[in-house]
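Read the structure below first, then the notes.
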Amino acid sequence: MQWTEHDRFPESIPVIFTRREVEINNCIAKRYSTGKISDLLSISEETVRTHRKNILRKSDCKNSSELIKKTFEWGYL
């Protein structure tokens, strides 16, 4: 399921991601490389890196493993 910034979330989800951030996060969870995400979503690798950085910042995570764990708990995965 893909979320948009206009969807409502349960109170237990402390972070709201944009639709594109959810797409990027799902790709991160599948362990796709930056290049593969870039090709899949037809965006530049720099854009993928920017989204990844924003997702990590919003979720207060230090790495992808921590991000996957948190976003799974929040119901994004």
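Below 14 angstrom from the Cβ of CYS61, what's the summed charge of the other residues (Lys, Arg +1; Asp, Glu -1)?
On the way: positive: ARG52, LYS53, ARG57, LYS58, LYS62, LYS69, LYS70; negative: GLU21, ASP60, GLU66, GLU73.
Summing Lys/Arg as +1 and Asp/Glu as -1 gives +3.
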message: Please give me, ordered by residue number, the trypsin sites (Lys or Arg not before Pro) of region 20-77 that lie in loop per DSSP and have at most 14 other Cβ atoms within 10 Å.
response: LYS30, ARG31, LYS62
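Every read-out reported here was derived from the displayed coordinates using simple, explicitly stated rules and does not represent laboratory data. All values reported here derive from a predicted model rather than from experimental measurement. In this analysis, Cβ positions are derived from the backbone assuming ideal geometry, glycine residues included, and neighbour counts consider all displayed protein chains.
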